[in-house]
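First up is the structure itself, then whatever we jot down about it.
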Amino acid sequence: MLMSVNNEIRCDYKTSDAILASALSLADAKNYLKIDPGQMEDDDLIIQLIAAAAATFEAFTHQTLIEKSFNMKCTGFPRTRLRFDGFGCCSFNCIEIRKAPLVEVTAISFFKDDAFEVWPTTEYLINSDSDVGYSFITAVNEWARPDCHPRPVTIRIIVGFSGEAAGIPFSIRTGLEQHLAAMYENRGDCKCEKGSLSGSRFTMDSLPTTSRLLYSPFVIYAIANGSLC
């Protein structure tokens, strides 16, 4: 769970989406590793390493590879009008979407009169062109219920480079392959428990220099360091 602070409000992110696609197919991974397609004894390990490489990319860059939907659960709307600072960031009264790359905001709903009401799309704008790499939601005129007691707000978003591996940028795929090869060749060095590769420190420590260089243009440092801008 990622928690972000939008000055007056807090948002956390939850998804129930199953991972339906892999960042690399097993066939492509085995081809890169120069493993014969008929040699299947390491298939489970390779699938696990693909997942570990993808998880490490997302932890390193704070971007999502395969498209998935998230529910942003926020404590309320901002209470003030839109204002941007000189760096293209909202200094306050914007809702920051701390997931990237943003594909779509599918709905914004808020609690009113003991029920959730959907906020019309004509009442808000999405700014995805800021210098910090992630997106903002801003009100066209006023935020819904800006002067009332804070009520829960749910924002449904879709983020990710693509719905399938073929849509992931080539440089990222190359970095994933480099990392996969490094982990496969040095798999005996992992001291983590079986089944925990994707969550172990081993994956980040094993990230090759080439992968780091390929990933660097995609890193969103503002999310990484916890800054509001």
Item to complete: Would you mind checking the stretch 27-70 for residues with the amide N under 20 Å from a putative spin-label position 7 Å along Cα→C-beta of residue 216?
Response: 56-63
Fill in: Exposure proxy ranking, count of Cβ atoms within 10 Å, fewest first, for 12, 36, 114
114, 36, 12
Fill in: Residue-by-residue Karplus 3J(HN,Hα) for the stretch 25-33, coefficients 6.51, -1.76, 1.60, Hz, glycine and proline x
6, 4, 5, 5, 5, 5, 5, 5, 7
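What list do you get for 72, 40 if you sort them by fewest beta carbons within 10 Å?
The most exposed by this proxy come first: 40, 72.
Only the coordinates and a few stated rules stand behind these numbers; no lab work does. Fair warning: this is a prediction, and the values are worked out from it, not measured in the lab. All Cβ positions, even for glycine, are placed from backbone atoms using ideal geometry, and neighbour counts span all protein chains on display.
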